[in-house]
Amino acid sequence: MTALGFLYPGHSAEDDYPRIEQLLGSDVRLDLVHTETGEDAHRVDVLRQMGAPERLASGVGQLRLAGSEAIVWACTSGGFVHGWEGAQEQVRTLARTAGMPASSTSFAFVHAARELEAGRVAVGAAYPDDVTGLFVEFLRAGGLEVTGVHSAGTGGAAEVGAWGEAEVLALARAADAPAAEAVLLPHTALHTAASLTVLEKELGKPVLTANQVTVWEALRLTDRRLNAPRLGVLFTREPLVQV
């Protein structure tokens, strides 16, 4: 049994994780601990505080007791708002605190795009323009070219968590660009685990979503590769990524 640990802010789309665990169909357990979010707002100051070391550290003990072998900060915006270097320091601090390999959803997107050899990507974000812009800067710092961007401009995670498949599909379509080799939907409050095959069929290309890449990143940290086609093209590829 491989136990993977996730620090998830608040309560929005955490039910994606048991669904993903089921779709993996293997000896993998996904353990999730909720972290404090404070104000539910897509503002840079709020998002930076959401990923503060003390907030992440508060959930580490539970995951360690659960036997987790790796830990991922399951919040895209709570990572990239710190910039590339700041997000790296956030992950290093988390790894030291937890005593195990660690990463975040922000880095998971970069690593997953590299795995798919998708150097050109489009971004469909539920954030306001300024926050989406920080994610685009983060992706560029990771060596990716962003060919299309769409911001839905929602106010917070609760609003995004209430979206259904129709809204997720609309976001992906609005973001897609002909030159993009993959479409990225960067919000762990989005319910996407049940819609990945629909999204990829609709767009005709890989779609990377936050909870999907978060689990994939945790598997990568533990050197596990599983074939799970219902979780998208990402879970059907041989490992390529070099980190």
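Nothing in this text is a laboratory measurement; each read-out follows from the coordinates by a stated rule. Because the structure is a prediction, the values reported are computed rather than measured. A quick note on method: Cβ atoms are made from the backbone with ideal geometry, for glycine too, and the neighbour counts reach across all protein chains shown.
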Rounded to one decimal in Å, the inverse mean reciprocal Cα-Cα distance for segment 90-198, i.e. its Kirkwood radius, is 14.6
Mean-square fluctuation maximum in Gaussian network of the chain, Cα pairs under 10 Å, restricted to 90, 22, 49, hits 22
With -39,500 (n - 2.57) per DSSP H segment of 4 or more residues and division by the full residue count of the chain, the 222 nm estimate, nearest 500 deg cm²/dmol, is -13000 deg cm²/dmol
Semi-axes of the chain from the Cα gyration tensor (sqrt of 5 times each eigenvalue, largest first, whole Å) come to 24, 21, 17
Rounded to the nearest Å, the spacing of the alpha-carbon centers of segment 203-226 and segment 1-74 is 15
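Rank-order 221-229, 160-168, 65-73 by packing density, defined as the average count of other C-beta atoms within 10 Å over each peptide's residues, highest first.
Answer by packing, highest mean first, reads 65-73, 160-168, 221-229.
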Highest GNM mean-square fluctuation among 186, 206, 128, for the chain with Cα springs under 10 Å, belongs to 128
Residues meeting the amide H criterion for residue 34 (H placed from the backbone, H to H distance under 5 Å, 5 or more places apart or on another chain) are 8
Note: residue 85 to residue 120 extended length (0.36 nm per residue) minus current alpha-carbon separation gives 10.4 nm
Extension length gain for residue 92 and residue 170 (0.36 nm per residue less Cα distance), in nm, is 24.5 nm
When the charge dipole of segment 41-165 is computed with +1 on Lys and Arg Cβ and -1 on Asp and Glu Cβ about the Cα centre, the Cα farthest towards its positive end, among 153, 49, 111, belongs to 49
Computed curve, segment 133-243, Cα-only Debye sum without solvent term, log₁₀ I(q)/I(0) at 0.09, 0.23, 0.24 Å⁻¹, is -0.23, -1.53, -1.59
In debye to the nearest 20, the charge dipole size for segment 112-209, taken about the Cα centre with +1 at each Lys and Arg Cβ and -1 at each Asp and Glu Cβ, equals 140
For the residue 44, residue 1 Cβ pair and Förster radius 30 Å, calculated FRET efficiency rounded to 0.05 is 0.15
Here, residue 145 and residue 225, labelled 7 Å along Cα→Cβ, have an inter-label distance in nm of 2.7
Semi-axes in Å, largest first, for segment 17-96 (Cα gyration tensor, √(5λ)) are 24, 15, 12
The size of the Cβ-based charge dipole (Lys, Arg +1; Asp, Glu -1) of the chain about the Cα centre, to the nearest 20 debye, is 520
Convex hull around the C-alpha positions of segment 152-209: the volume in Å³ per residue is 72
